[in-house]
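One structure below.
All of the numbers you see were taken from the coordinates with simple rules; none came from a lab. Source: prediction; values computed, not measured. No Cβ is skipped: glycine too gets one built from the backbone with ideal geometry, and neighbour counts run over all protein chains shown.
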Amino acid sequence: MAAAARLPWWAWAWPALAWAVLVAGFLVGVSGVLAVLAGIALIATVFAAVYHAEVVAHRVGEPFGTLVLAVAVTIIEVALIVSMMIGTSLDKSGLARDTVFAAVMICCNGIVGLCLLVGGARHREQGFQVAGASAALAVLAVLTVLSLVVPNFTTTTFGPTFSRSQLVFAGIVSLVLYSSFVFVQTVRHRDYFLPVATGATDTHAPPPSYRRTGASLVLLLVSLVAVVGLAKALTPTLEAGVNWANAPKAVVGVVIAALVLLPEGLAALRAAQANLLQTSLNLALGSSLATIGLTIPAVAAVSIALDQRLELGLGLKEEILLALTLFTGVITLGTGRTTVLQGVVHLVIFAAFLFFAIVP
């Protein structure tokens, strides 16, 4: 999370481009070349937002730094989901479920697997804090089962849904669990989430000044608002693309999750290459927890306010993949040491998830 001495030009230029595209889209509509430009600006601004989050994170240190990144990415994800729930004619009932599930699979298998593989290939064996990983996996297991599995077995409503009171309960429980984890991570047992002594590189860069941190904080907020606006403007284009490709509805959730997690995945990969596997796990598992802990309450509130049907229960195939992910995570992250083998195992599960999402 090293911060450069000066703010790179693209860190402010990309958000500025995003706002210029937003204004142009408001005046003439988003279509054709402007839609392509909006897509480029959206991806670039996501990278800029995460960059500024990294600057703030470097200033506050670990494990607060990875928390800043996780929350920033989750805000982007929630904004994308909510904007699509409000502004598209697609069947939106399962959008939040598909996106949350995709984020969990990307984080716990894609990002973790790639970090373990690359880190193991470069350093042969890497260490991390078992207590921190175990705490994250325990909270993740409870959150995923209560939010994505239990709705299939309730009887108050028909289908994989919660009633209004059950939605309120699920939202409150998600917030309580995530808040408790953040308290443990940052206050009560902060040492569980600090990198182990490995002789890692890239850990002694001086933190940015308070002025630089303040500028990045402002630009982070500007970038997040721009992402929300661009996502809403591109919603009709995404809808047309899904219909043209005749793709399963779940692909929309995968696209959203992959888009917002790509920059954070690169940050986790850089940490693994620098032999900072604990930081990589903090990013990946923390993002999974933030995704469920913050997204479920947000979409539940929107669903209740707009009186929209919200399907949260996974299908049987997805439940099996989720169970396999949690079971494998407990085994691979249960010893405090990892090699390339654990990385290959998680990447195979991730490949299975992608394949069966496209070919159900």
Two-decimal Rg/Rh of the chain from alpha-carbon positions, Kirkwood Rh?
0.96
Could you pull out every residue, at least 5 positions away or on a different chain, whose amide H is within less than 5 Å of the one on Gln126? Hs are placed 1.01 Å off N in the peptide plane, and Pro or chain starts have none.
Thr338
Relative to the compact-globule scaling 2.2 N^0.38 Å, provide the ratio for the alpha-carbon radius of gyration of the range 248-346.
1.28
With θ taken as phi - 60° and the coefficients 6.51, -1.76 and 1.60, list the Karplus ³J(HN,Hα) couplings across the range 249-257 in order, rounded to whole Hz; mark glycine and proline as x.
4, 4, 4, 4, x, 5, 4, 4, 5
As I understand it, the dipole of the chain uses +1 on the Cβ of Lys and Arg and -1 on the Cβ of Asp and Glu, about the Cα centre. Which of Ala301, Leu354, Ser287 lies farthest toward its positive end?
Ser287
May I ask you to derive the relative contact order of the chain, considering only C-alpha pairs under 8 Å and at least 6 residues apart, and to give it as an integer percent?
38
Per its Cα gyration tensor (rounded if a/c is under 1.5, else prolate when a/b beats b/c, else oblate), the range 32-76 is best filed as prolate
Under the Karplus relation with 6.51, -1.76 and 1.60 and θ = phi - 60°, whole-Hz ³J(HN,Hα) for the range 8-13, x at Gly and Pro, equal x, 4, 5, 5, 10, 5
For the range 115-132, Karplus-derived ³J(HN,Hα) couplings (6.51, -1.76, 1.60; θ = phi - 60°; whole Hz; x for glycine and proline) come out as 5, 5, 5, 5, x, x, 5, 8, 10, 6, 9, 10, x, 7, 7, 5, 4, x
What ratio of Cα Rg to 2.2 N^0.38 Å holds for the range 253-294?
1.18
Mind putting a number on the dipole of the range 202-360 about its Cα centre? Charges go on the C-beta only, +1 for Lys and Arg and -1 for Asp and Glu, and I need it in Debye to the nearest 20.
340
If the cut-off is a Cα-Cα distance under 17 Å, which lysines reach Lys232, setting aside same-chain residues fewer than 8 apart in sequence?
Lys92
